[in-house]
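Let me begin by presenting the structure, written as structure tokens, before commenting on it.
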Amino acid sequence: MSNSILEMKQIHKYFPHESGTLHVLNDISLHVNEGEFVSILGPSGSGKSTLFHMIGGITAPSSGEIYIGQHNMDGISRKGLISYMPQQASLFPWRNVETNVRLGMELNGIRKKDAIKQAREGLAKVGLEQYSKHYPHALSGGMQQRISFLRALLTPNVVMCLDEPFASLDAFTRMDMQNWLVQRWEEEQKTILLITHHIEEALYMSDRIYVLSDKPTSVLATYTVPFPRPRTESLLATESFTKLKFEIYQHMKQKSRA
Ligand SMILES: Nc1ncnc2c1ncn2[C@@H]1O[C@H](COP(=O)(O)OP(=O)(O)OP(=O)(O)O)[C@@H](O)[C@H]1O
Ligand SMILES: [Mg+2]
């Protein structure tokens, strides 16, 4: 794939388990092209977060290869290639909201003055500017998730990996964040790989969707999302949207009961 910026080739992952080994990933191959918005849908425990740990170089695959651009990510973490929002917001308790948001920018060499400006603008955008001097323990789970999302969004990167970024948000805040993410992605020509349990969220935002099976996990299907951009909320009520949503739902349901 000539313009793919992220490529996973024939990935297997085994974890040690009390009764031997747990085969989590079974021959996963996927790619994300430069500037593409790709989502991964899959059941709980299928290994989606594990895939991200491997992309970030936190865990090595048992076999197979991962490339980001020209770099082979064989269990090595490299600065500046990905920005990663983990499933559990991992904010530093001793840093306040604003300095947590600035962290990814500062680690990647953005000048403090610019980082402060971007952090403040971003906090206003996620509706948390009045909390900028608060510490994470004083925030709700959904607020912490928005801070973690903002930090990933503002960190310079080649690929942005988001692990269920909006799971703790109410429906309206979720829609706001989805729209903002897509707007930033369009403006800055980012490349995004997003994990979600929501078929609707994946369809609304993505160019392509990988649907994963249960463990040992393989790619069940790949969907190219046909809806033109810019997409607006009215798309959710169209017949073609609900039809495709139901088709993916049925596909996942049949396979999980097979
Ligand atoms: N470090 C580890 N050691 C042993 N087993 C692990 C480890 N990390 C993950 N697993 C196992 O691998 C499987 C996949 O876990 P993972 O967190 O990747 O799933 P997931 O698809 O992200 O699930 P969810 O949708 O619930 O977040 C699970 O059965 C989990 O128990
Ligand atoms: Mg997970």
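Below, the figures for the structure above:
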read-out: Mean separation of Cα contacts under 8 Å (6+ apart) over length of the chain, as relative contact order %; value: 25
read-out: Estimated 222 nm signal from helices in the chain, with DSSP H stretches of n ≥ 4 weighted -39500 (n - 2.57), rounded to 500; value: -11000 deg cm²/dmol
read-out: Using a Förster distance of 51 Å, the FRET efficiency for LEU107-GLN250 (Cβ separation, nearest 0.05); value: 0.70
read-out: Cβ-derived FRET efficiency at R0 41 Å, PHE172 paired with VAL219, nearest 0.05; value: 0.80
read-out: Sequence-distant residues sharing a close amide H with LEU220 (under 5 Å, placed H); value: VAL211, LEU212, SER213
read-out: In nm, spacing of pseudo-spin labels at PHE92 and GLN183 (7 Å Cα→C-beta vector); value: 3.0
read-out: Selection from SER234, THR217, HIS251 lying farthest towards where the dipole of the stretch 194-258 points positive, charges on Cβ; value: THR217
read-out: Inter-probe distance in nm under a simple model that places probes 7 Å from Cα toward Cβ, at GLU7 and TYR135; value: 4.8
read-out: Exceeding the 27 Å Cα-Cα cut-off - candidates LYS9/LYS190; LYS9/LYS215; LYS13/LYS253; LYS125/LYS215; LYS112/LYS133; value: LYS125/LYS215
read-out: GNM flexibility winner over the chain from THR224, THR21, THR59 (Cα, springs under 10 Å); value: THR21
read-out: Peptides 82-94, 225-237 ordered by average Cβ neighbours within 10 Å, highest first; value: 82-94, 225-237
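Each reported figure results from applying straightforward, stated rules to the coordinates on display, with no laboratory input. None of the values given here were measured: they were computed from a predicted structure. All Cβ positions, glycine included, derive from the backbone under ideal geometry; neighbour counts span all protein chains shown.
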